[in-house]
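Engineer: Got a structure here, written out as structure tokens. Questions coming.
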Amino acid sequence: MEQKTIYLDNNATTPMHEDVIEAVHEANILFGNASSMHSYGREAAMAIEESRKALASLIDCDPSSIVFTSGASESNNTVFNIFRERIDLGSKRNRIVTTSIEHPSINELVKYFKNLGYHVDECPVDGSGRVDLEVMKTYLGEDVALVSVMAGNNEIGTIQPVKEIAKLAHEVGAYMHTDATQAIGKIPVSMQSWDVDYLSLSGHKFYGPKGIGVLAVKAKAPYTPLVHGGHQEGGKRAGTYNTASIVGIGVAASLAERNLEEESRKLWALREMLRKGIDERIPNVVVNGNQEHCLPGTLDVSFPHAEGESILLYLDMEGIMVSTGSACASGSLEPSYVLLASGVAIELAHGSIRFSFGRYNTEDDVAYVLEKLPPIIKRLREMSTR
Amino acid sequence: MTNFMSQWVYTPVVKDHFMNPRNTWQEEENFQADGIGEVGSLACGDQMQVMIKVDNDTITDLRWLTYGCASAIASTSMMSEMAIGMSLQDAYNLSPDMITEALGGLPEHKFHCSVLGDKALRAAIDDYLEKAGRDNSFKNSVAKTICECKGVTDVQIEDLVKRGEAKTLDQLQEITEFGTVCGKCKQEVSDLFDEFKHIYSV
């Protein structure tokens, strides 16, 4: 019997949209090196510039701001490296401020920078995982070079007041970066209105290909390449153009922009249907993250006395795919640092499950989860120590 | 079609014990235990309780409760099958390695944090012997010398950690003087100390 599968891990990655698959397939034929002057080269270059425009339109910036990278991790590393260079060259602004709940591609960078002796501060977040502007202010000063705050959190979905933080950063003369990877296609993202100097995003989180992303850089913001070499991307990122993936992320960007409102409404409706359903059917549950400022498709729930990995694997047996903040799934003894930093008790962090919706999910999916989940939690709780 | 079996992160035996755990405690059963042992904590992500019935120094029946991941549940379930029918002596000597082997192996990082069933079983036997007012001769029989120079055993370290007498590694050294001569055992003692702290959540 073919097992029903319900994919509720869209914050981890999304499948490519059918239009993207088709566009990538067609673009694979454009094998010319986009840096070449001949016809094949120009053909590829034109496709890339079309994609650049689509990305610029999606995040509301000038096409010349768009730098194609291998993904948000590279984009984030590039930004931190720019300021590392400035600090090494003796800039008086020698401090970087970020938050305690950033994605590992920032969080691990922070550890790396600290080990090397750089001064990086992690602004704490409130009990909903949100940055308090008054607290952020206390971390800012004339010695700050860069402020980096993610737009929406990958685990709990909490949306940060990026625009307000950018204003505070600029008031002290610092540059502002936001990792908008999880926000794209779910909430409006605008480099102009947020007034951020750098913005990272990744194609595979919004139905584009994996291994392709963007770093958007405002014209006046400092820049130094992370990858040195050829003159691609206006000298901002060396390496032969990945034409097919760039075309793919462009198509995904156009779709994300066009479908934003409808998509956002749909994701929130599914998320709320699941949240209410869980509340009605399962006693003693805790919903994590900020419920007012939340990415529409993200629901993070803790089930006391049921451990996350066990829940995940029992759900997987029913064809339901989710993720957990439990230590057991991380390979360490510590559960998710995002949950702990957001004030979730350690016992609750071990029993956390993240459901993240995407465009292919339906109300039937939620109904199926609401049928399968309650007996799993009941069973694990009966088996658990009290 | 996706083959879920081939993608399962654990062995088929682990999966079977996880999906169909044996000898779990059921409220309506009204199990009358002669000894109860508990190790781990909810904060650590693993907690186990083992209840045993003993007759003629043999474990005649056993029930358990576990809060934890799939390997914690499966290893406690496997332990329960192995321990029923065993003499107290043999049960006391049941090791994590024996349980893991019977499960067909566990991922490396799962071994230390989740195989606690043997420790909960020992705790239940200790409890039984204490309630019966009998000497616990097993405790020392399973002891392994960790610090050769000062003759410090793992059981000694375990007891000191469990009773909260050694709250830090320094305190443990003050009491036992481990590692003060050749120092070769320091890493092993430190690892054990961390493990027992995790197990007894102190």
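Engineer: Test of understanding: among A:I87, A:I101, A:I106, A:I82, which residue is crowded, with 18+ Cβ neighbours inside 10 Å, at negative phi and in a loop (DSSP other than H, G, I, E, B)?
Structural biologist: Answer to the check: A:I101.
Engineer: Any residue that is more than 14 Å from B:L116 (Cβ to Cβ), within 14 Å of chain A (Cβ to nearest Cβ) and at pLDDT 95 or above - is there at least one of those in the range B:71-82?
Structural biologist: There is no residue in the range B:71-82 that is more than 14 Å from B:L116 (Cβ to Cβ), within 14 Å of chain A (Cβ to nearest Cβ) and at pLDDT 95 or above.
Engineer: Among the listed residues A:P225, A:P188, A:P283, identify the single one that is under 26 Å from A:V131 (Cα atoms), assigned to a loop (DSSP other than H, G, I, E, B) and out of contact with any helix residue (DSSP H, G or I) (no Cβ under 6 Å at 6 or more places or on another chain).
Structural biologist: Checking each option against the conditions leaves just A:P188.
Engineer: For the subset of the range A:211-220 comprising residues that are buried (at least 17 other Cβ atoms within 10 Å of the Cβ) and assigned to a loop (DSSP other than H, G, I, E, B), which member is farthest from the chain's Cα centre (by Cα)?
Structural biologist: A:K218
Engineer: Select from the range B:38-48 the residues that are surrounded by 17 or more Cβ atoms within 10 Å (Cβ to Cβ) and either modelled with pLDDT of 90 or more or closer than 14 Å to A:P335 by Cβ (or both) and list them in ascending order.
Structural biologist: B:E38, B:S41, B:L42, B:C44, B:G45, B:D46, B:Q47, B:M48
Engineer: Looking at (1) in contact with a strand residue (DSSP E or B) (Cβ under 8 Å, 6 or more places away or on another chain); (2) open to solvent by 70 Å² or more (accessible area, probe 1.4 Å); (3) of a type in the set (A, V, I, L, M), which is the one condition that is false for B:L129?
Structural biologist: (2)
Engineer: Taking the range A:184-206, which residues are among the hydrophobic types (A, V, I, L, M, F, W, C) and open to solvent by less than 10 Å² (accessible area, probe 1.4 Å)?
Structural biologist: A:I184, A:M191, A:V196, A:L199, A:L201, A:F206
Engineer: Would you say A:G289 is without any contact (Cβ under 8 Å) to a residue 60 or more places away in the chain and on the phi > 0 side of the Ramachandran plot?
Structural biologist: No: the conditions fail for A:G289.
Engineer: Out of all the residues in the range A:228-267, which are within 23 Å of the chain's Cα centre (by Cα) and either surrounded by fewer than 17 Cβ atoms within 10 Å (Cβ to Cβ) or part of a loop (DSSP other than H, G, I, E, B) (or both)?
Structural biologist: Result: A:K236, A:R237, A:N242, A:R258, A:N259, A:E261, A:E262, A:R265.
Engineer: I'd like the full set of residues that are open to solvent by 50 Å² or more (accessible area, probe 1.4 Å) and more than 23 Å from the chain's Cα centre (by Cα), limited to the range A:115-134.
Structural biologist: Scanning the range A:115-134 gives A:N115, A:L116, A:G117, A:H119, A:E134.
Engineer: Do we have any residue at all in the range B:96-111 that's within 10 Å of chain A (Cβ to nearest Cβ) and open to solvent by less than 10 Å² (accessible area, probe 1.4 Å)?
Structural biologist: Among the residues of the range B:96-111, at least one is within 10 Å of chain A (Cβ to nearest Cβ) and open to solvent by less than 10 Å² (accessible area, probe 1.4 Å), which makes the answer yes.
Engineer: Among the residues of the range B:49-63, how many are in contact with a Leu (Cβ under 9 Å, 6 or more places away or on another chain), surrounded by 17 or more Cβ atoms within 10 Å (Cβ to Cβ) and more than 7 Å from every other protein chain (Cβ to nearest Cβ)?
Structural biologist: Final tally of qualifying residues: 7.
Engineer: I've got another one for you. State which residue is nearest to the other protein chains (Cβ to nearest Cβ) when the search covers only the range A:24-51 and only residues that are open to solvent by less than 20 Å² (accessible area, probe 1.4 Å) and part of a helix (DSSP H, G or I).
Structural biologist: So the residue we want is A:A27.
Engineer: If you take just the helices (runs of 4 or more DSSP H) that sit entirely in the range B:1-107, which of them hold at least 3 residues that are in contact (Cβ under 8 Å) with a residue 24 or more places away in the chain and under 14 Å from the mean Cα position of the chain (by Cα)?
Structural biologist: Helices (runs of 4 or more DSSP H) meeting the threshold: B:70-83.
Residues are listed down the side, and each one gets a yes or a no for (1) of a type in the set (K, R); (2) at pLDDT 95 or above; (3) over 22 Å from A:G325 (Cβ atoms):
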| site | (1), (2), (3) |
| --- | --- |
| A:L146 | no, yes, yes |
| A:V149 | no, yes, no |
| A:G152 | no, yes, no |
| A:G157 | no, yes, no |
| A:K167 | yes, yes, yes |
| A:G173 | no, yes, yes |
| A:T178 | no, yes, yes |
| A:I184 | no, yes, yes |
| A:S193 | no, yes, yes |
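Engineer: Output yes when any residue across the range A:288-302 is in contact with a Leu (Cβ under 7 Å, 6 or more places away or on another chain), within 14 Å of another protein chain (Cβ to nearest Cβ) and over 24 Å from A:H17 (Cβ atoms), and no when none is.
Structural biologist: There is at least one residue in the range A:288-302 that is in contact with a Leu (Cβ under 7 Å, 6 or more places away or on another chain), within 14 Å of another protein chain (Cβ to nearest Cβ) and over 24 Å from A:H17 (Cβ atoms).
Engineer: Going residue by residue through the range A:165-183, is there one that turns out to be in a helix (DSSP H, G or I) and surrounded by 24 or more Cβ atoms within 10 Å (Cβ to Cβ)?
Structural biologist: Checking the range A:165-183: at least one residue is in a helix (DSSP H, G or I) and surrounded by 24 or more Cβ atoms within 10 Å (Cβ to Cβ).
Here is a yes/no grid of residues against (1) at pLDDT below 90; (2) on the phi < 0 side of the Ramachandran plot; (3) of a type in the set (D, E, K, R):
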residue	(1), (2), (3)
B:D34	no, yes, yes
B:I84	no, yes, no
B:L94	no, yes, no
B:L106	yes, yes, no
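Engineer: Identify all residues within the range A:146-164 that are aliphatic (A, V, I, L, M) and either open to solvent by less than 10 Å² (accessible area, probe 1.4 Å) or part of a helix (DSSP H, G or I) (or both); write none if there are none.
Structural biologist: Across the range A:146-164, the qualifying residues are A:L146, A:V147, A:V149, A:M150, A:A151, A:I156, A:V162.
Engineer: For residues that are open to solvent by 70 Å² or more (accessible area, probe 1.4 Å), at pLDDT 90 or above and not in a loop (DSSP other than H, G, I, E, B), tally how many sit in the range B:137-170.
Structural biologist: 1
Engineer: Let me ask something additional. Any residue in the range A:6-22 that is among the aromatic types (F, W, Y) sitting within a Cβ distance under 8 Å of a residue that is part of a loop (DSSP other than H, G, I, E, B)? List the pairs, counting only those 6 or more apart or interchain.
Structural biologist: Sorted first by the residue in the range A:6-22, then by its partner, the pairs are A:Y7/A:P15; A:Y7/A:G358; A:Y7/A:Y360; A:Y7/A:N361.
The values are calculated or read from the model by the stated rules, or taken from the named source; none is laboratory data. Since this is a predicted model, take the numbers as computed values, not measurements. Glycine gets a Cβ as well: all are built from the backbone with ideal geometry, and neighbour counts include every protein chain shown. Keep in mind that these areas ignore ligands, DNA and RNA; they rest on the heavy atoms of the full protein, side chains included. Shrake-Rupley method; radii C 1.70, N 1.55, O 1.52, S 1.80 Å.
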